[in-house]
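Asks: This is the structure I have questions about; it appears just below.
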Amino acid sequence: MAAVLFDSSKSATISELLVSYLSLGRLGSDAHSSRTTAWVLVAVWVTLLAVVALAAVYVLIACIAHFPRKAEKTENMYRTMTTEGQVSDLRPLPHIDQDEAREVESRKERVFMSVVVPAYNEVARLPIMLEEAVEVLTSWTVDGTPVTWEILVVDDGSRDETADVALKFAGEHKLDEGSLRVCKLVKNRGKGGAVTHGMQRARGDFIIFADADGASKFSDIRSLHSELIKLPGRSGIALGSRAHMVKTDAVVKRSFIRNFLMYGLHTLLYVFGIRSIGDTQCGFKLFSRAAVKAIFPYMHNEGWIFDVEVLILAERKRIPVAEVPISWHEVDGSKMELARDSIKMAVDLIAIRCSYILGIYDDGRRAGEKPARLKKEE
């Protein structure tokens, strides 16, 4: 047996077995190493593809994101009717300023309530809206004291005589000089652009924007103010809302396509996180001055969907919002083209939400960052 174990003729075979055994071990180790390498390569490729995809999304959103143009010199000025019944020369408008001292100086005669009215080709509807607004404002008292007020009509590059009609209204009603101001934009911005322009150039402690069509009952401004001052610090936003009217004739009897698009927009808003507000698009929203300063210098969208950006900024900055039911009725003469503008609103909604997520838009919370509009106008 010993001779067999130590037989020299068998020693080569035993050596071969040992070599084979060690080789198998190395093969197993190599196989494990290969599998690890394969997983690493897969992880690298997945990461690379994710980075490329994210970069592609970023570039796409950056391409469709909107950045407001610089205001022309005359767009920072207004006309009014003088006490002599003449149209004034151009006068400088105040401007929201992050520096309190500069703002106080530019604001000079402050008022309790500013009404910003975006208007585009509104010769027919604007006088009716102004009539109701002036009647309410001149009879409104707070704690027994008549409110001071102004109306700032922002003519959004109208092709008709909208600006002249507004000034004529002031003259015919013998309004105090400067109480009705008309700012005319050289180039059309869109409803959101006109509202944003006016909100930053109003003098009020409270500032409301109201559509020129007069669809919202203007006397409901009192309800909005009452709810706004209940918010923490008496500061925030009071939204006029038609959500309570969904089942009423005012909405039910509208065209099928109009209601279909309305519900489609609500679905998109829900998907993109706007879930606590029943009516984002009502053109009757009241702001404290502090809320205006925190939101409007950072606005980007100038189209129909701008209201949603207002609410996104309010949410990001934790500005309190109250939704207040108001009276509303359909008014003919809408400037919106349903099919085209609904598609644009959907695209803009995606661009707004993604631009803030990706950091393409600045909301003013970056240390030392200046508002987009102020940077543009320096």
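Asks: I'd like the FRET efficiency for Val59 and Ala290, computed as 1/(1 + (r/R0)^6) with the beta carbon distance as r and R0 of 35 Å, rounded to 0.05.
Replies: 0.45
Asks: Further question on the same structure: Which residues' amide hydrogens lie under 5 Å from the amide hydrogen of Tyr120, considering only partners 5 or more residues apart or on another chain, with H built in the peptide plane?
Replies: Placed amide hydrogens put Asp156 under 5 Å from Tyr120.
Asks: Here's a follow-up. How far apart, in nm, are two points set 7 Å out from the Cα along the Cα-to-Cβ line at Met77 and at Arg340?
Replies: Label-label distance for Met77 and Arg340, simple model: 3.3 nm.
Asks: Then there's this: Expected output is a single nm value to one decimal: the length gained when fully extending between Leu358 and Phe67, i.e. 0.36 nm times separation in residues minus the C-alpha distance. What is it?
Replies: Gain in length upon complete extension: 103.2 nm.
Asks: Further, regarding this structure: State the percentage of accessible surface on the stretch 126-221 attributable to carbon and sulfur atoms; use a 1.4 Å probe and exclude ligands, DNA and RNA.
Replies: The computed percentage sits at 48.
Asks: Taking θ = phi - 60°, what integer Hz values does the Karplus form 6.51 cos²θ - 1.76 cosθ + 1.60 yield along the stretch 37-44, in sequence order, with x for Gly and Pro?
Replies: Rounded to whole hertz, the list is 4, 4, 5, 5, 4, 4, 4, 5.
Asks: Another question, if that's okay. Report Cys63's accessible area, 1.4 Å probe, all protein chains in place, as a number in Å² to the nearest 10.
Replies: Looks like 100 Å² after rounding.
Asks: Still on this model: How would you rank 119-126, 34-41, 355-362, 185-192, highest first, on the average number of other Cβ atoms within 10 Å across their residues?
Replies: Highest-to-lowest ranking by the protection proxy: 119-126, 185-192, 355-362, 34-41.
Asks: Moving to a separate point now. Could you tell me which of Val136, Met81, Ala119 has its Cα farthest along the dipole of the stretch 34-188 towards the positive end, charges placed at Cβ (Lys, Arg +1; Asp, Glu -1), taken about the Cα centre?
Replies: It is Ala119.
Asks: Now for a separate question. List the residues whose amide H sits under 5 Å from the amide H of Ser241, counting only those 5 or more places along or on another chain, with H placed 1.01 Å from N in the peptide plane.
Replies: The list, which skips near neighbours in sequence, is Val324, Ile326.
Asks: Got a sec to turn the phi values of the stretch 76-91 into Karplus ³J(HN,Hα) couplings, 6.51 cos²θ - 1.76 cosθ + 1.60 with θ = phi - 60°, whole Hz, x for Gly and Pro?
Replies: Per-residue couplings from phi come out as 9, 9, 9, 10, 8, 8, 7, 5, 7, x, 10, 6, 6, 6, 5, 10 Hz.
Asks: Which whole-number value in Å³ per residue fits the convex hull of the alpha carbons of the stretch 96-239?
Replies: Dividing the Cα hull volume of the stretch 96-239 by its residues yields 122 Å³.
The values are calculated or read from the model by the stated rules, or taken from the named source; none is laboratory data. What you see is a predicted model, and the numbers here were worked out from it, not measured in a lab. Note: ideal-geometry Cβ built from the backbone for every residue, glycine included; neighbour counts use all protein chains shown. Surface accessibility is based on the protein's heavy atoms, side chains included, excluding ligands, DNA and RNA. Shrake-Rupley method; radii C 1.70, N 1.55, O 1.52, S 1.80 Å.
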